[in-house]
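Visitor: Quick one: this structure, given as structure tokens, is what I'll be asking you about.
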Amino acid sequence: MNADLHCHSTVSDGQLAPAEVARRAHAGGVTLWALTDHDQLGGQREAREAAEGLGMQYLSGVEISVTWAGRTVHIVGLNVDPENQALLDGLAATRNGRAARGEAIGEALASIGIANAYEGALRYVNDPNMISRTHFARYLVDAGHAQNTSDVFARFLCEGKPGYVGHRWAKLADAVSWIRAAGGEPVIAHPGRYDYTPVEFSAFFDEFIQLGGSAIEVVTGSHTPDQYREYAEVARRYGFYASRGSDFHGAGEGRIDLGQLPPLPADLKPVWERWL
Ligand code: AMP
Ligand code: MN
Ligand code: MN
Ligand code: MN
């Protein structure tokens, strides 16, 4: 089983259309796939049809932006019903505000001498309500302000940098309950990316469990190999199911392509087993 349960299409901040991501996943050897666009289910029908046409098994997915203890975390929902109204309404409320935040990022960048970045970034996105920092990063690279998108994040868009604009996303309890209402499984995405203290991490995991959560990404394109080991240990300690996903956004962006991650450590419980 080659499961890749985290990636993005042009519906959010990926570079390929859902059917193109499906073809790339299949070419990469993926046999169980989920497209997990940020705060949007608009690509699910195309993704499922393409996946099934190629002979891959498919799980509907989404990645919800959440604010917990003043910082952004992401919760992936797997095997959700993409027609569920509670989930659709929650995602719409979460997206709402991206356009205004985008304008504020544009103003913040203008104040350090980079004019019209919002207008520039809008050319990289299909729907203004889906504008993300990734679209700004691509525009700033193409406009010659940085070498690559990681460089843009490090210099301009990460917390503490001049183009960073704080935003209040969904509450953890709401994201978990929308995913559950839609029949899905909430999964803590790329925990290694969060800048929490050990005390905050244990409070976060405890709260997630209290809310009914029981799964975590261990092997992800957003983790280093050391972090695979670190979060495998967390999965054992808390009894979490484990997930695996590249977090692919586009060719030449990110560390790893679809289907190319190492397998989960053999003793962990794969989150997908119950659905096969
Ligand atoms: P947003 O939801 O608008 O805050 O944008 C978050 C997106 O930016 C993530 O989903 C990633 O695709 C991308 N991202 C965040 N941090 C980095 C980074 N350090 N380097 C490259 N991309 C990043
Ligand atoms: Mn992204
Ligand atoms: Mn994420
Ligand atoms: Mn992602």
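Visitor: Does Glu46 count as touching a residue at least 24 places away in the same chain (Cβ under 8 Å), more than 16 Å from ligand 2 (Cβ to nearest atom) and charged (D, E, K, R)?
Guide: On the way: touching a residue at least 24 places away in the same chain (Cβ under 8 Å): yes; more than 16 Å from ligand 2 (Cβ to nearest atom): yes; charged (D, E, K, R): yes.
The answer is yes for Glu46.
Visitor: Please enumerate the residues belonging to the stretch 99-121 that are without any contact (Cβ under 8 Å) to a residue 60 or more places away in the chain, crowded, with 18+ Cβ neighbours inside 10 Å and within 18 Å of His167 (Cβ to Cβ). Steps first, please.
Guide: Of the stretch 99-121, the ones without any contact (Cβ under 8 Å) to a residue 60 or more places away in the chain are 99-100, 102-103, 106-121.
Within this subset, residues satisfying the condition of being crowded, with 18+ Cβ neighbours inside 10 Å are 102, 106, 108-109, 114, 117-118, 120-121.
Across the stretch 99-121, the qualifying residues are Gly102, Gly106, Ala108, Leu109, Ala117, Tyr118, Ala121.
Visitor: Hey, another quick one. Restricted to the stretch 6-32, and to residues that are free of Cβ contacts under 8 Å to residues at least 60 places away in the same chain and within 16 Å of ligand 4 (Cβ to nearest atom), which residue is surrounded by the most Cβ atoms within 10 Å (Cβ to Cβ)?
Guide: Ser9
Visitor: Aliphatic (A, V, I, L, M), within 29 Å of Ala19 (Cα to Cα) and part of a helix (DSSP H, G or I) - does that describe any residue in the stretch 61-79? So that I can check it myself, show each step before the final result.
Guide: So in the stretch 61-79, the residues aliphatic (A, V, I, L, M) come out as 62, 64, 66, 69, 73, 75-76, 78.
Imposing the further condition that a residue be within 29 Å of Ala19 (Cα to Cα) reduces the set to 62, 64, 66, 73, 75-76, 78.
This time we only want the ones that are part of a helix (DSSP H, G or I), so: none.
No - not one qualifying residue is present in the stretch 61-79.
Visitor: Across the stretch 181-215, which residue is farthest from His6 (Cα to Cα) among those that are more than 16 Å from ligand 2 (Cβ to nearest atom) and of a type in the set (Ser, Thr, Tyr)?
Guide: Only one residue fits best here, namely Thr197.
Visitor: A further question on this structure: Being away from ligand 1 (no atom under 16 Å from the Cβ) and modelled with pLDDT of 95 or more narrows it down to one residue among Leu5, Leu16, Leu59; which is it? Walk me through it before giving the result.
Guide: Working: Leu5 fails: away from ligand 1 (no atom under 16 Å from the Cβ); Leu16 fails: away from ligand 1 (no atom under 16 Å from the Cβ).
Leu59 is the lone residue from the list that is away from ligand 1 (no atom under 16 Å from the Cβ) and modelled with pLDDT of 95 or more.
Visitor: Now, a different point. With in contact with a strand residue (DSSP E or B) (Cβ under 8 Å, 6 or more places away or on another chain), within 16 Å of ligand 3 (Cβ to nearest atom) and within 30 Å of Ala110 (Cα to Cα) as the only criterion, which of Ala170, Ala175, Ala189, Ala215 stands out? Reasoning before the result, please.
Guide: On the way: Ala175 fails: within 30 Å of Ala110 (Cα to Cα); Ala189 fails: within 30 Å of Ala110 (Cα to Cα); Ala215 fails: within 30 Å of Ala110 (Cα to Cα).
When all the criteria are applied, what remains is Ala170.
Visitor: Inside the stretch 166-195, can you point out the residues that are over 26 Å from Arg274 (Cβ atoms) and buried (at least 17 other Cβ atoms within 10 Å of the Cβ)?
Guide: First pass over the stretch 166-195, keeping only residues over 26 Å from Arg274 (Cβ atoms): 166-169, 171, 193-195.
Of everything in the stretch 166-195, those that are over 26 Å from Arg274 (Cβ atoms) and buried (at least 17 other Cβ atoms within 10 Å of the Cβ) turn out to be Trp169, Tyr194.
Visitor: Among the residues of the stretch 52-66, what is the count of those that are more than 18 Å from Gln15 (Cα to Cα) and either of a type outside the set (S, T, N, Q) or buried (at least 23 other Cβ atoms within 10 Å of the Cβ) (or both)? Let's see the steps before the verdict.
Guide: Initial filter on the stretch 52-66 (more than 18 Å from Gln15 (Cα to Cα)): 52-60, 64-66.
Of the ones still in play, those that are also either of a type outside the set (S, T, N, Q) or buried (at least 23 other Cβ atoms within 10 Å of the Cβ) (or both) are 52-56, 58-60, 64, 66.
Total meeting the criteria: 10.
Visitor: A follow-up question, please. Hey, among the residues in the stretch 122-144 that are buried (at least 19 other Cβ atoms within 10 Å of the Cβ) and in a loop (DSSP other than H, G, I, E, B), which one's nearest to the chain's Cα centre (by Cα)?
Guide: Ser132
Visitor: Further question on the same structure: Hey, Ser111 hits all of (1) touching a Leu at 6+ places or on another chain (Cβ under 9 Å); (2) over 30 Å from Ala3 (Cβ atoms) but one; which does it fall short on?
Guide: Looking at each condition in turn, Ser111 falls short on (1).
Visitor: Just name the residue that is nearest to Pro263 (Cα to Cα) out of those in the stretch 24-51 that are assigned to a helix (DSSP H, G or I) and touching a helix residue (DSSP H, G or I) at 6+ places or on another chain (Cβ under 7 Å). Don't jump to the end; show me each part of the working.
Guide: Within the stretch 24-51, the subset assigned to a helix (DSSP H, G or I) is 24-27, 44-51.
Restricting the remaining residues to those that are touching a helix residue (DSSP H, G or I) at 6+ places or on another chain (Cβ under 7 Å) gives 26, 46-47, 50-51.
Working: His26: 17, Glu46: 27, Ala47: 23, Ala50: 24, Ala51: 21 Å.
Looking at residues that are assigned to a helix (DSSP H, G or I) and touching a helix residue (DSSP H, G or I) at 6+ places or on another chain (Cβ under 7 Å), I get His26.
Visitor: Would you be able to say whether some residue in the stretch 190-209 is under 14 Å from Thr72 (Cα atoms), within 16 Å of ligand 4 (Cβ to nearest atom) and not assigned by TED's automatic domain parsing to the domain that holds Asp247?
Guide: No; the residues of the stretch 190-209 include none that is under 14 Å from Thr72 (Cα atoms), within 16 Å of ligand 4 (Cβ to nearest atom) and not assigned by TED's automatic domain parsing to the domain that holds Asp247.
The values are calculated or read from the model by the stated rules, or taken from the named source; none is laboratory data. Note that the structure is predicted; figures quoted are calculated from it, not measured. All Cβ positions, even for glycine, are placed from backbone atoms using ideal geometry, and neighbour counts span all protein chains on display.
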